[in-house]
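Below is one structure, written out as structure tokens; the observations come after it.
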Amino acid sequence: MNQEKDIQVSVKEAYGNAVSLLESGNYELAEKQLAEILKNYPNDPNALRLSGLSSIDQGKPEISLIPLQKAIKVAPDFAQAHEDLGTAWFLLGELEKSEICLKAALRLDPAKFSAWKNLGDLLSDQGKEEEANKAYEKALSTDSKYSDLTKAMTLVKKGQIGEAEKIYKQILKDDPNNVDALRLLGLVATKGGALDQGIMILKKCTEIAPDYALAWENLANMYRQKEGYENLDKSIYCFKKATKLRPHWAEGWAGLGTVFTRSSLHEEGINAYQKSIEIKENQPRVHLSLGHVYKTTGQQDMSIASYQKAIKHFEMFGEAYWSLANLKTYNFSNEEIKLMESQLIKEDLPEKERVHFLFALGRAYEDKKDFKKSISYYDEGNDLNRGRGSYDPKAVEAISKRIIKFFDKTLIEDKLNWGDQAYDPIFIIGLPRSGSTLIEQILSSHSEVEGTMELPNMLNMARKLGSGSKDQTAYPEILSTLSKEEIESLGKQYISETKYLRLNSPFFIDKMPNNFSHIGLIHLILPNAKIIDARRNPLDTCFSCYKQLFARGQMFTYDLNEIARYYINYIELMDHWDEVLPSKVHRVNYEDVVENQEEETRKLLDYCNLPFEEQCLKFYETKRAIKTASSEQVRQPIYKQSVQLWQHYEKYLDQLKQGLSPLKERFNIPD
């Protein structure tokens, strides 16, 4: 009897020794100790479970399956073994098997915090967010110390952010290392607009709990909201941490794909999106995003396939249909047109998707030369979308008048060559749909020039200069208060902010069309920058804008009268720049390029002080990422089909012609 008792004590000591060795990371000695126990007691469930746990900790989940399954076989009520087996299956990508094991553990022990939390992570990885949230709430309810957290989360749902914040802060006062309270407090701060504070809190959270995947994902999304390439880099880093900790997290990989793409790391973006889809096929928006990257990189067939997969998973996905239309080279079949029209009669169709369907149908019937049906869909889509925005043409015209008044010849002469002397930037400005992408493609085909994208930096700079005063409307007048050094620093700031998009070429293109309002600012801070004004027949330009559903901004384009007003405002500004900055801006007319490609290309290169290169005439062969609606069109040789396109719709454009009547004689606007 005493001998049996001694053996039991010996086994207990050996087991305790194995636990200590595992906790200290000494896996080799721990496994020798466990092997010794299992040699004498092959069915000991605790030793079997520890053996499996050792393999999991060493990144060998496949080896853990045998001892864990055996532990459950000999001890079916062993909740921890069920949970550990669930962890092993999760690491192996067998999410359904993992879910079964975790639920088995919770049937045996419903108050098990770790099992509920792991189940929440698992469900979240599968996109079952509602179920995941319930599991997380169950996890919190298992321990009385989490009751205040649950209460605060409920307050957040009710919109009582301030009250929730007080609870989180009290929890952290009692327990400064409560990572759940830290994470939730960070999210609350961000909701209240304190993004930097939210980032600071989440950084502390990840320092305390470096394995907290959800905190890394939250931090990644916060960095994604901030301006600047350095924040995109930080977002990428955080998403990488999150996906390493949860490799089967479809949403995490999709987030990583988005920040890669925003950083112009297109191949990396494609790989991340593909990984997300491999984990979870039914993600229409991820298929859409992948289609956008394929379009940007010139892989049109892959782009079409991705858009079609998005539609397959969500038949009311008007945005995917519009994305096909927005390729400008895709022709809808009669069956596709019927499917789109059938969606429009559905009462539960979201308004945003309805707008996309209407624009896509406008394009579909345009391709079929049924211009009456086409314009009816364009009109309905524009009317609906205009109602979703708050564009004020009077405000735009007022700021333009102030800009014209401020940037007179005296100011320009007084501050001559004050800015940074960099020659790098080439700005292409004008209205959208005016041929600017074609000019960019011609220039970026030159060995010394690289295209980037429509950069928001100059617009952001003007906005920040204006918001730096008490009345929030100091731009452009605030520029008169800046010293030569401050003006120069603004130029250096622009060059620095855009550096991450560049490789090694001496010159780069900023193709933000709306920069035409800020030519004075550009000249002031970057006096050696080149500025190219892309022009096209006013009726073609304005009507092409009307047919385009922009991803963001350009709210003036959804009403024919407002488009005309905006165009007139643009012409007035450009006339002013021509007067006070003679020869500063080089004008390129789209129709002239179509008629005399080589002659206009040579003029363009001469203005930019670039030697002629034959490749600029073969711009359609240049392989580069293009992020605008004309991406597929400029991958073809020049064609004449886009000249005078407005004439197909002439009898429907009286409002536009009337709006442009002040320019009638100058641009031959018909009655």
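Below is a table of values for the structure above.
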{"item": "DSSP-defined beta bridges in region 419-667 - what % are antiparallel, rounded to 5", "result": "0 percent"}
{"item": "Between helix 560-580 and the chain: long-axis angle, C-alpha atoms, 0 to 90°, nearest 10", "result": "70 degrees"}
{"item": "Mean Cβ count within 10 Å, highest first, over the residues of peptides 231-244, 490-503", "result": "231-244, 490-503"}
{"item": "Shape call, region 419-667: gyration tensor on alpha carbons, a/c limit 1.5", "result": "oblate"}
{"item": "Local net charge near His586, Cβ-Cβ under 13 Å (Lys/Arg +1, Asp/Glu -1)", "result": "+1"}
{"item": "Value of Rg to Rh for the chain (Rh from inverse mean 1/r over Cα pairs, i.e. Kirkwood)", "result": "1.07"}
{"item": "Tilt relative to the chain, helix 371-386 - C-alpha long axis, 0 to 90 degrees, to 10", "result": "60 degrees"}
{"item": "Three-way shape call for region 217-351 based on the alpha-carbon gyration tensor, with the a/c threshold at 1.5", "result": "prolate"}
{"item": "Value at 222 nm in deg cm²/dmol, rounded to 500, when DSSP H runs of n ≥ 4 in the chain each add -39,500 (n - 2.57)", "result": "-20000 deg cm²/dmol"}
{"item": "The chain: angle of helix 113-125 to the longest principal axis, Cα-based, in degrees nearest 10", "result": "30 degrees"}
{"item": "Order by protection proxy (mean Cβ within 10 Å, highest first), peptides 540-551, 218-229", "result": "540-551, 218-229"}
{"item": "Residues with amide H under 5 Å from that of Phe427, placed H, sequence gap 5 or more", "result": "Asp510, Lys530, Ile531, Ile532"}
{"item": "Among 363-369, 39-45, 520-526, the order from most to least packed when residues are scored by Cβ within 10 Å on average", "result": "520-526, 363-369, 39-45"}
{"item": "Environment charge at Phe427 (Cβ cut-off 12 Å; Lys +1, Arg +1, Asp -1, Glu -1)", "result": "-2"}
{"item": "Fraction of beta bridges assigned by DSSP in the chain that are antiparallel (%, nearest 5)", "result": "0 percent"}
{"item": "All aspartates and glutamates inside 12 Å of Lys651 as judged from Cα atoms, apart from same-chain residues fewer than 8 positions distant", "result": "Asp671"}
{"item": "Hits among lysines - C-alpha to C-alpha of Lys401 under 23 Å, sequence gap 8 or more where chains match", "result": "Lys409, Lys415, Lys464, Lys470, Lys584, Lys664"}
{"item": "Candidate lysines - alpha carbon under 18 Å from Lys234, same-chain residues fewer than 8 apart omitted", "result": "Lys203, Lys204, Lys226, Lys244, Lys499"}
{"item": "Surrounding net charge for Glu614, when Lys and Arg each add one and Asp and Glu each subtract one, Cβ distance under 13 Å", "result": "-1"}
{"item": "Cα-based Lys pair tally, region 2-142, threshold under 15 Å, eight or more apart or on separate chains", "result": "11"}
{"item": "Where only C-alpha atoms are counted, convex hull volume of region 2-142 per residue in Å³", "result": "111 Å³"}
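Each value in this text was obtained by applying a stated rule to the coordinates, not by laboratory testing. Quick caveat: nothing in here was measured; it's all calculated off a predicted structure. When we count neighbours, we look across all protein chains shown, and the Cβ atoms used for this are built from the backbone with ideal geometry, even at glycine.
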